[in-house]
Structure formats: structure tokens, C-alpha cells
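To start, I am sharing the structure in question, which I have written as C-alpha cells.
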Amino acid sequence: MKILTIDTPSCKSNIFCGSGAFEERAARLKGKKLFIVTDSNVYKLYYGCIEQKFGENPVYVLPAGEKSKNYRWLFNILSAMLKADITRADTVVAFGGGVVGDIAGLAASLYMRGINLIQIPTTLLAQVDSSVGGKTAVDFDGVKNVIGTFYQPSEVIVDPFFLSTLPKRQLRCGLGEIVKYGVLNADIFHELESHRSSLFSFVFEDGIVYDCIAHKAAVVAADERDTGGQRKTLNAGHTTGHAFELCYGHKSHGEFVLIGLFYETYIAVKLGYCESAYAQKLTALIKKVLGDIPYFADAGSAARLAKHDKKNVLATQVSVIAPQSEGKSVEIILSLNEYCRLIDECNDLIAEGKI
Ligand SMILES: NC(=O)c1ccc[n+]([C@@H]2O[C@H](COP(=O)([O-])OP(=O)(O)OC[C@H]3O[C@@H](n4cnc5c(N)ncnc54)[C@H](O)[C@@H]3O)[C@@H](O)[C@H]2O)c1
Ligand SMILES: [Zn+2]
């Protein structure tokens, strides 16, 4: 097990990563009063484990899925915390994927103006991304993550033990964020390149998950509140990915990140920001994880939703964090019309089987 510490102005957050992390850290929580939040799928799979490690502590089970990430379920959790007599000395444990982590994190940050939070991420996506960095949120009025806080967990327990029950599609979603780290970090890119033919088993090894977390931890330490520019880079692939996700379904964030990376690589090459040899290697990696890039009816119109992206200052411009060369990304700001035109162009080439 390896330990990483994120030291930010608001908190010291320790990340315990590797096989055995859960066993070891859970033992240290014995005797503490905990309020455990999980979801219905995770509870079904890990009921025995929760019972054995956390005994009599109250467990709140959310219906699984993004549809529970809203203010109604947030208030249900807060109400259950009150009923369970949770005090400021107690701890919320978010035991699940990114949905559980985001909503339980927000509940912990609001209850009595903030009580201790521990994240135990059980999806690959949550392990490499959402459990680390202190962003909490619920969706509201059809907009993703619009109500939220920055609230660092005191501890994140990342154990590959939980990944063995994940369906392949969820592994692919986690790999979507991992390929994103590959765009930002040359070492991660090389690791992925050299395990091209075994990516879905490679993620069970401790190394790659740790390296992604270490990358994110360094970015968060430098720019906790997403104001300095560094944290923005973690949105590579996300401008286009989020726009398509809004239009074509909320189901698979990580897959849309891969699609977004594909389109944004195309844009970067077309506009002369990215070397084409590198772009070819990157798009081959994306296809290795995702399979064929889907063709979308009316992609250009869907892309117009990118104007809502948080990175944009003006509604007539679009910002994308695009790959430039190995380990280097670049922010490209385009007019909305130019962006949509390039998205349409790329979509047509996909339909014709030319890229
Ligand atoms: N806070 C952040 O910085 C941040 C970053 C990225 C994504 N997110 C958020 O994370 C969410 C997506 O996270 P996710 O992909 O983990 O989704 P999720 O929490 O919905 O989990 C995906 C599915 O896997 C199931 N599951 C969880 N653990 C399992 C296990 N060990 N075995 C089998 N099934 C398991 C869940 O029940 C669910 O059905 C989105 O809401 C997104 O906005 C937040
Ligand atoms: Zn993401």
C-alpha cells in the first residue's frame, strides 16, 4: 500500500492506495461512529463486508445511478443523519462510485457546517478521479454538478479489491479518465501504450491507478479551487464529452470522455496545435478502449451545448483542453461556429469510415 498526501489550504487529505488498503484502514475505524452512504448495487455486493467492518453503524442505501444525484436524495441523507444522532465528532463514509462520493461528500460538507469525510471508491472511475480532489455535487434542473462544494475528505481508501465485481463497461468508463491522464502525463501515456493489448486487466495492477491519483493530487495541491488554470487541464476531452453526454444520454461519462478526446484531438490537428504522428497513437489508444467511435446524427447541433461549459467566458466561444504532444495539453479557444463546423466535419469522416 502506498500513501499520498494532498496538502491544501483547507485540509490535509491522505490517500491510501493499493491491495490491502481497505483491510488495514477499515480496522483503524473500529470504535468510531460512522454514517455510511452506499448505493443499492454496491450494498447487494458488499453487504457482508460493510457489516463485518463497520458493524452497528447506520448505513444509508441510495438507489444506484445518476438519477439519485439530486437535492431530494441529499436532503434524505441529511435527514437520516439527524435521526441517527450524528454529531460533529462523527464521520461520513462514502462507500461506492462517483455518484455516492459526490452526494455523500456534499452531505458531509453541509451537515453541521461540515463533518469528517472518508471516501472509499468502488468504481475505477471513482478511484482514479472523483474520490480525489474534494469536488462534491448534485445535479439540479437538468444541469450536472451545479450545486456543490469544495470539501476534502480526510482520507481516501483506494483498493483494487472492489474492481473485481465491476462490469466491463464500468472498467471502460474508468479507462476513459485514465486515457485522459495519458493526454496530460507522458509517463502515463507510455504505460498505456506498452499495455495496449491488455488494458482491461492492467487496471487491476496497483501502479496505473496510483499514477493517475498522483497526477491529480499534484494538480489539486497547486489549484484546489480550480482558479489557477492547472485544474482546468483535468477537463481534457470533457467539453465535447459533456455536450454529447447531455444530448445522447447521461449513462456513461467515461465513454463520452473518450469520444470527446477523439474529437478534440481532431480539432487540435486541424488547427495545427497537435503533431499528427502523436495524434495517431492517441486515437489508436482511444479506439482500443472504446472500439469504433460512434456516428451521431446532428453532432454539430449537439456540440452547441458546449457553450454551457464552465471554462467558457463568452457564450459565443468554446474552450477545449486538447492534446499537443506527449504529456502536453493546450487550451484552444474557438468561436462556437468554428467549433461546431469542425465537430460536423469529424463526424462526417467517422460516418465515411475515413478516420
Ligand atoms: N467529484 C469529481 O471530481 C468527479 C469527477 C469525475 C466524475 N464525477 C461524477 O462521478 C459520477 C460517475 O461515477 P461512476 O462512474 O463511479 O458512477 P456510479 O457511482 O453511478 O457507478 C457506476 C455503476 O457501478 C456500480 N458499482 C459501483 N461500485 C461497484 C462495484 N465495485 N462492483 C459492481 N458495481 C459497482 C454502481 O452501483 C453504478 O451502477 C458522475 O456523477 C460524475 O459527475 C465526479
Ligand atoms: Zn470526467
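The values are calculated or read from the model by the stated rules, or taken from the named source; none is laboratory data. Note that the structure is a prediction, hence the values are computed from the model and not measured. Quick reminder, even Gly has a Cβ in these numbers, built from the backbone with ideal geometry, and neighbours come from all protein chains shown. Quick note on the areas: whole protein, heavy atoms, side chains included, nothing else; ligands and nucleic acids left out. Shrake-Rupley method; radii C 1.70, N 1.55, O 1.52, S 1.80 Å.
Using Cα-only point scatterers and the Debye equation, what is log10 of I(q)/I(0) for the chain at each q in 0.15 Å⁻¹, rounded to two decimals?
Scattering profile of the chain, log10 relative to I(0): -1.29.
Here's something else I'd like to know. Could you grab the relative contact order for the stretch 210-355? Cα pairs under 8 Å, six or more apart, rounded to a whole percent.
Details: 187 pairs, mean separation 34.7, N = 146.
Normalised by residue count, the contact order of the stretch 210-355 is 24 percent.
For the stretch 15-99, which trypsin sites (Lys or Arg not before Pro) are in a loop by DSSP, counting at most 12 other Cβ atoms within 10 Å?
Details: sites: ARG25, ARG28, LYS30, LYS32, LYS33, LYS44, LYS53, LYS67, LYS69, ARG72, LYS83, ARG88; in loops: LYS30, LYS32, LYS33, LYS69, ARG88.
The qualifying sites are LYS30, ARG88.
Enumerate the calculated ³J(HN,Hα) couplings along the stretch 284-300 in order (Karplus 6.51 cos²θ - 1.76 cosθ + 1.60, θ = phi - 60°), each rounded to whole Hz, writing x wherever the residue is Gly or Pro.
Once θ is set to phi - 60°, the couplings for the stretch 284-300 become 5, 5, 4, 5, 4, 7, 8, x, 5, 6, x, 8, 10, 5, 6, 4, x Hz.
I've got another one for you. Summing -39500 (n - 2.57) over the DSSP H runs of n ≥ 4 in the chain and dividing by its residue number, what mean residue ellipticity at 222 nm do you reach, to the nearest 500 deg cm²/dmol?
Numbers: 13 runs with 161 residues, N = 355.
Value at 222 nm, helices only, nearest 500: -14000 deg cm²/dmol.
Kindly write out, for the stretch 306-321 in residue order, the coupling ³J(HN,Hα) from the Karplus curve 6.51 cos²θ - 1.76 cosθ + 1.60 (θ = phi - 60°), rounded to whole Hz, with x marking Gly and Pro.
With coefficients 6.51, -1.76 and 1.60, one gets 5, 5, 7, 4, 4, 6, 7, 8, 10, 6, 9, 10, 10, 10, 10, 9 Hz.
ALA218 to LEU305: FRET efficiency via 1/(1 + (r/R0)^6), r the Cβ-Cβ distance, R0 35 Å, to the nearest 0.05? Spell out each step's value before the answer.
Numbers: r = 31 Å, r/R0 = 0.89.
The calculated FRET efficiency here is 0.65.
Amide H to amide H under 5 Å from LEU166: which residues, 5+ apart in sequence or cross-chain, H placed 1.01 Å off N in plane?
Here the answer is none, since no amide H 5 or more places off falls under 5 Å of that of LEU166.
Counting heavy atoms of the protein chains only and a 1.4 Å probe, report the per residue accessible area for the chain as a whole number of Å².
Numbers: 14930 Å² over 355 residues.
That works out to 42 Å² for each residue.
Treating only the Cα positions of the stretch 266-355 as identical point scatterers, give the base-10 log of I(q)/I(0) from the Debye formula at each q in 0.18, 0.20, 0.25 Å⁻¹.
Once normalised to I(0) and log-transformed, intensities are -0.89, -1.08, -1.37.
Using modelled amide H (1.01 Å from N, peptide plane; none on Pro or chain starts), what sits under 5 Å from the amide H of GLN317, excluding residues fewer than 5 places away?
Answer set, sorted by chain and number: LEU336.
7 Å from Cα along Cα→Cβ at both SER198 and ALA186: what's the point-to-point distance in nm?
For the pair SER198/ALA186, the computed spacing is 2.6 nm.
Let me ask you something else. Take every Cα pair under 8 Å in the stretch 2-164 that's 6+ residues apart, average their separations, divide by the length, and report that relative contact order as a whole percent. Please list the in-between numbers first.
Numbers: 319 pairs, mean separation 42.6, N = 163.
That works out to 26 percent.
Rounded, prolate or oblate: pick one for the stretch 162-285, where a ≥ b ≥ c are the square roots of the eigenvalues of its C-alpha gyration tensor, a/c under 1.5 means rounded, and failing that, prolate if a/b is larger than b/c, else oblate.
Numbers: a/c = 1.21, a/b = 1.15, b/c = 1.05.
Because its axes are fairly even, with a/c under 1.5, the stretch 162-285 counts as rounded.
Okay, moving on. How high is the relative contact order of the chain? Use alpha-carbon pairs under 8 Å, at least six apart in sequence, and give a whole percent. Mind showing how you got there, number by number?
Numbers: 655 pairs, mean separation 50.5, N = 355.
After rounding, I find 14 percent.
Counting other C-beta atoms within 10 Å, and keeping those with at most 16, which DSSP coil GluC sites (Glu not before Pro) do you find in the stretch 1-85?
On the way: sites: GLU23, GLU24, GLU51, GLU56, GLU66; in loops: GLU56.
Qualifying residues, ordered by number: GLU56.
Long-range amide H contacts for THR122: which residues qualify at under 5 Å (H placed 1.01 Å from N, peptide plane, sequence gap of 5 or more or a different chain)?
Amide H to amide H, under 5 Å and 5 or more residues apart or across chains, THR122 pairs with GLY96, GLY97.
Further, regarding this structure: In the chain, what percent of the accessible surface is made up of carbon and sulfur (1.4 Å probe, ligands and nucleic acids excluded)? Don't skip to the end; give the middle numbers.
Working: 7770 of 14930 Å².
It is 52 percent, rounded to a whole number.
Shape verdict for the stretch 21-161, please, from the Cα gyration tensor: rounded (a/c under 1.5), prolate (a/b greater than b/c) or oblate. Don't skip to the end; give the middle numbers.
Details: a/c = 1.44, a/b = 1.22, b/c = 1.18.
Here the stretch 21-161 falls in the rounded category.
Follow-up. Just to confirm the filter: which GluC sites (Glu not before Pro) across the stretch 230-297 are DSSP coil and have at most 16 other Cβ within 10 angstrom of their Cβ? Don't skip to the end; give the middle numbers.
On the way: sites: GLU245, GLU255, GLU264, GLU275; in loops: GLU275.
Those satisfying the criteria are GLU275.
In addition: Let me check something: with ligands and nucleic acids excluded, how do ASP129, ASP226 order by accessible area (1.4 Å probe), largest to smallest?
Working: ASP129 20, ASP226 50 Å².
Sorted by accessible area, descending: ASP226, ASP129.
Between the helical axis of 253-270 and the dominant principal axis of the chain, each derived from Cα atoms, what acute angle in degrees is found, rounded to the nearest 10?
30
Please turn the phi angles of the stretch 79-91 into ³J(HN,Hα) values with the Karplus equation 6.51 cos²θ - 1.76 cosθ + 1.60 (θ = phi - 60°), one per residue in order, whole Hz, x for glycine and proline.
Residue by residue, the stretch 79-91 yields 5, 5, 5, 4, 4, 7, 6, 5, 10, 5, 8, 9, 10 Hz.
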